[in-house]
Amino acid sequence: MKISTLRNLKNIKENFSFTSGTPISEIAIALKEKNIGAVPIVDDQMRLIGIVSERDIVTKMVVEARDADLTTASDIMTTKIISANLNDEINYIIGLMKSKNIRHMPVTDQDGHLTDFFSIRDFLSAEIQSNLNVTQKHKNVVRYQVITSVLLISATFLGAFFDLFEKKNIILISSVVFLIIGITAVLTIQTNKQYRDD
């Protein structure tokens, strides 16, 4: 599953950013009101230039007793940023965020313009939803295989019981039925593998 699918799980209108000259007091209010842990900082062309997180505010402002109204984003923002693009796989990004201890991931286009800003919570929610979808697909495929097998076996036994087939053909028909069931099982395994790969 690619990052672009996150747009179906999160309202992208919630995405917002600040400029480097924004006072930290304004950013802190936004963090509290939106109940988020970080915000992206962009230039006048929406190119990502930094991130201000709660950790930045605590370690670079509170500890140093800076004035939140006089300190701007450019004074404390983190500028060494790892970003993703919409074509990246979610599982890869989750692994990257865990290994780098990153809680927020900005998404940029090929020119460095900010397109989205997701938290680790967004990625984990998408992963859970993806697993639920795959599980449902597995159930549907297995259900189809079981129904097909039951119908074929039932038709064969009913035909034999009511003497609808010539006795010499019953073995041949039974063989064909079980061959079809075997092919269905193989197709089920291949389909399940495809879902896991997706």
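Of the conditions (1) over 29 Å from the mean Cα position of the chain (by Cα); (2) assigned to a loop (DSSP other than H, G, I, E, B); (3) of a type in the set (A, V, I, L, M), residue 57 clears all except one; give me its number.
In the conditions (1) over 29 Å from the mean Cα position of the chain (by Cα); (2) assigned to a loop (DSSP other than H, G, I, E, B); (3) of a type in the set (A, V, I, L, M), residue 57 misses (2) alone.
Considering only residues of the range 79-113 that are over 18 Å from the mean Cα position of the chain (by Cα) and either part of a strand (DSSP E or B) or among the basic types (Lys, Arg) (or both), which is nearest to residue 52 (Cα to Cα)?
Looking at the filtered set, the residue picked out is 80.
So the check is Cβ under 6 Å with 6+ separation or different chains; which pairs have a first residue in the range 85-109 that's surrounded by 13 or more Cβ atoms within 10 Å (Cβ to Cβ) and a second one that's among the aromatic types (Phe, Trp, Tyr)?
90/123; 94/123; 105/118; 106/117
Collect the residues in the range 21-54 that are among the polar types (S, T, N, Q) and either part of a strand (DSSP E or B) or farther than 21 Å from residue 84 by Cα (or both), keeping them in residue-number order.
Correct list: 22, 25, 35, 53.
Just name the residue that is surrounded by the most Cβ atoms within 10 Å (Cβ to Cβ) out of those in the range 44-73 that are among the acidic types (Asp, Glu) and over 19 Å from residue 108 (Cβ atoms).
Selected residue: 56.
Considering each of 24, 29, 41, 76 in turn, give the residue that is β-branched (Val, Ile, Thr), surrounded by 14 or more Cβ atoms within 10 Å (Cβ to Cβ) and within 30 Å of the chain's Cα centre (by Cα).
Just a single option satisfies the conditions, and that option is 41.
Every number here is computed from the coordinates shown, using simple stated rules; none is lab data. Keep in mind the model is a prediction, meaning the values are calculated, not measured. Note that each Cβ is placed from the backbone with ideal geometry, even for glycine, and that neighbours are counted across all protein chains shown.
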